[in-house]
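The values are calculated or read from the model by the stated rules, or taken from the named source; none is laboratory data. Note that the structure is predicted; figures quoted are calculated from it, not measured. When we count neighbours, we look across all protein chains shown, and the Cβ atoms used for this are built from the backbone with ideal geometry, even at glycine. All accessible areas refer to the heavy atoms of the entire protein, side chains included, with ligands and DNA or RNA removed. Shrake-Rupley method; radii C 1.70, N 1.55, O 1.52, S 1.80 Å.
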Amino acid sequence: MSTLLHIDSISTGYHWNTRNEVILHDNISAQVSNGEMVCMLGPNGAGKSTFMRTILGFEPLHRGQVYFDKKSLTDLSVHALAKKVAVVLTDRIDDNFLSAYEVVSSGRYPYASFTGRLKETDHQHIVEALALVGASALSSRFFRELSDGEKQRVLLARALAQDTDLIFLDEPAAFIDSPGKVELMELLRSLCQQNDKGILITTHDMEPALRFADKLWLFADQRHFQEGSPEQLIRGGSINSFFDTEEVVFNPENRRFEKRIDQNS
């Protein structure tokens with residue numbers, strides 16, 4: 001396995017103004033390798049999306065370094081970065097008249113000519129990407145007419161058409177029902193194994209993440225961070241320490257959250 005993403009002692013956050021800085025994550029180091037699916041888990045407000053946007057250069061990096069395939073983020077142009085990592089964010093596509101095929105074709109723009117014209121090889125990538133995610137039959141339909149699950153397949157096809165070793169997805173199953181979440185995670189797991197991709201996902205869905213991820217990055221407030229395999233983090237008690245509440249507790253035996261039993265009742 002080779003390291004596709006190396007995060008070296010970074011700190012992320014934001015400024016209230018020119019003098020006041022709020023640090024969300026401090027001195028974090030981690031990496032993603034090819035053939036590896038990593039899920040970022042944490043409660044609302046833990047800063048998962050901010051962390052992802054920072055390592056992509058969308059938000060300022062406060063300290064540390066980020067390397068894509070051994071090249072520093074600071075040395076990569078937007079065009080060069082687009083050839084190393086494809087990104088699927090939660091932002092909605094506003095154009096009501098784009099077909100699914102046209103949405104996927106935008107993944108080939110880093111390789112297009114100066115005029116934006118796509119070559120025959122680009123169209124081959126688009127067709128293959130749609131087939132890989134089982135969305136070939138959707139290609140001529142308007143993107144706005146698709147279900148949430150179908151839209152996620154098309155957006156994933158766009159990322160695959162971009163032909164990068166790394167794919168980042170921010171809450172890809174946020175608007176999908178429970179069976180669809182499992183189906184999407186199975187698809188991502190398959191793409192990771194069969195196409196040797198490195199996949200990094202932010203998610204609130206603990207149970208599918210525990211089932212399908214190779215590695216978890218756990219985030220909590222007060223800058224807490226921990227990484228490891230699902231098995232390591234379950235047996236070591238990290239899942240409980242990060243996510244148990246006064247009402248709900250994680251059961252390591254069945255890997256589900258359950259209502260806490262009041263020992264005094």
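The table below lists the values:
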| read-out | value |
| --- | --- |
| Between region 73-141 and region 173-250, the Cα center-to-center distance that results, in Å | 27 Å |
| Charge dipole (the chain, unit charges on Cβ, about Cα centre) - positive-most of Asn20, Leu216, Leu61 | Leu61 |
| Amide H partners (placed H, <5 Å) of Leu24, local residues excluded | Thr12, Gly13, Tyr14 |
| Portion, in percent, of the accessible area of the chain that falls on carbon or sulfur, probe 1.4 Å | 47 percent |
| Relative contact order (percent, whole number), the chain, Cα cutoff 8 Å, 6+ residue spacing | 24 percent |
| Extension reserve of the Glu247-Asp148 stretch, reckoned as 0.36 nm per residue once the Cα distance is removed | 32.5 nm |
| Gyration tensor verdict on region 71-203 (Cα atoms; rounded if a/c is under 1.5, prolate if a/b is larger than b/c, oblate otherwise) | oblate |
| Projected label distance in nm at Ser106 and Gln193, using a 7 Å step from Cα toward the beta-carbon | 3.2 nm |
| Glu21 versus Ile261: modelled label distance in nm, points set 7 Å from Cα along the beta carbon direction | 4.9 nm |
| Average Cα contact separation per residue, region 146-265, under 8 Å, 6 or more apart, as relative contact order % | 16 percent |
| 0 to 90° range, to nearest 10: angle between helix 148-161 axis and the chain longest Cα axis | 60 degrees |
| Helix 120-132 vs. the chain, principal-axis angle (Cα, 0 to 90°, nearest 10) | 40 degrees |
| Candidates Ile201, Ile28, Ile126: whichever shows maximal mean-square fluctuation once the chain is modelled as a Gaussian network with Cα springs under 10 Å | Ile28 |
| Within a Gaussian network of the chain (alpha carbon springs, distance under 10 Å), most fluctuating of Ala112, Ala161, Ala100 | Ala112 |
| Simple Cβ-charge dipole of the chain, Lys/Arg +1 and Asp/Glu -1, about Cα centre, in debye nearest 20 | 520 debye |
| Cα shape, region 142-244, gyration tensor, a/c 1.5 rule | prolate |
| Förster radius 22 Å - calculated FRET efficiency between Arg141 and Arg92, Cβ distance, rounded to 0.05 | 0.80 |
| Furthest towards positive pole of dipole, Val78, Ser33, Ser147, structure part the chain, Cβ charges | Val78 |
| Farthest toward positive dipole pole in region 1-134 [+1 Lys/Arg, -1 Asp/Glu at C-beta], among Met1, Ala112, Pro43 | Met1 |
| For region 61-121: rounded, prolate or oblate by the Cα gyration tensor [a/c cutoff 1.5] | oblate |
| In sequence order, calculated HN-Hα J values of region 106-112 (Karplus, 6.51, -1.76, 1.60; Hz; x Gly/Pro) | 5, x, 9, 4, x, 10, 6 |
| Förster-model FRET efficiency, 30 Å R0, Asn254 and Phe175, C-beta, rounded to 0.05 | 0.65 |
| Gaussian network model of the chain, Cα within-10 Å springs - most flexible of Ile199, Ile239, Ile93 | Ile93 |
